[in-house]
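Below: one structure, written as structure tokens.
The values are calculated or read from the model by the stated rules, or taken from the named source; none is laboratory data. On a predicted model such as this, the values are computed, not experimentally measured, just so you know. Methodologically, a virtual Cβ is constructed for each residue, glycine included, from the backbone with ideal geometry; neighbour enumeration extends over all protein chains shown.
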Amino acid sequence: MKKIAIFLTVLTGLALALVGYQLYASALRLEVTRVDIASASERADAFGGLLTAARRGDLEHSLYRADIPDDPAQCALVTITLNLRNHGLLPAEWIDVEVEPMPGDYLRVPNASIDLRPLRFTDLSIVLVSSPDGAGEPRPLHITYYVLGRPMRVSLVTPRS
């Protein structure tokens, strides 16, 4: 009987340790790894394709302002790359990144959710079409995701470029 009690005590301790680790590790680890700013005129083909696809509705995007200039010299492409790490034992589902737009921002691509399996990491890139004068400003990012149907939210700010 004493051996069973010791075994059940150890088993309960391991279960509590596992639950404690999951509670600790359920928060995604996020880091802004790069913020690249390029003039849209330097990447005129990409800018034109992005603008055409957004206007036709061929891609998931968030439109901040409808008055996007057709002239690439009046726009900049801001690429924000995030590194997402899930150290938990459960998947992080429906990861959605919201960017608080600055006054010169026109458009954000993509506007899609992703899932991240347990004990994995991935890089996620977001492209903003912005005016050149406000392209380097820090932008608040709000990341929402779900673990076992429970919503979780993390916020961070991109560095000034």
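List of remarks:
- Number of residues in the range 124-161 that are closer than 12 Å to Thr79 by Cα and exposed (fewer than 13 other Cβ atoms within 10 Å of the Cβ) equals 0.
- Yes/no for Asp70 being exposed (fewer than 13 other Cβ atoms within 10 Å of the Cβ) and at pLDDT below 90: yes
- Taking the range 93-117 as the range and being surrounded by fewer than 15 Cβ atoms within 10 Å (Cβ to Cβ) and part of a strand (DSSP E or B) as the test, the residues that pass are Trp94, Asp96, Asp115.
- Residue in the range 22-34 that is part of a loop (DSSP other than H, G, I, E, B) and of a type in the set (Phe, Trp, Tyr) present: no
- Members of the range 44-67 that are assigned to a loop (DSSP other than H, G, I, E, B) and either acidic (Asp, Glu) or at pLDDT 90 or above (or both): Asp58, Glu60, Asp67
- Matching option when the condition is within 19 Å of Leu90 (Cβ to Cβ) and of a type outside the set (D, E, K, R), among Gly149, Gly104: Gly149
- The listed residues are Ala27, Ala76, Ala92, and the only one of them that is touching a Leu at 6+ places or on another chain (Cβ under 8 Å) and in contact (Cβ under 8 Å) with a residue 12 or more places away in the chain turns out to be Ala92.
- Qualifying residue in the range 52-61 (condition: in contact with a His (Cβ under 9 Å, 6 or more places away or on another chain) and either free of Cβ contacts under 8 Å to residues at least 40 places away in the same chain or not aromatic (Phe, Trp, Tyr) (or both)): yes
- Pick from the range 44-62, criterion buried (at least 16 other Cβ atoms within 10 Å of the Cβ) and not aromatic (Phe, Trp, Tyr), ranking: farthest from the chain's Cα centre (by Cα): Leu51
- Selected residue [of a type in the set (A, V, I, L, M, F, W, C), part of a loop (DSSP other than H, G, I, E, B) and in contact with a helix residue (DSSP H, G or I) (Cβ under 8 Å, 6 or more places away or on another chain)] from Leu77, Leu90: Leu90
- Filter pass, Ala15 being among the hydrophobic types (A, V, I, L, M, F, W, C), over 24 Å from His142 (Cα atoms) and out of contact with any Asp or Glu (no Cβ under 9 Å at 6 or more places or on another chain): yes
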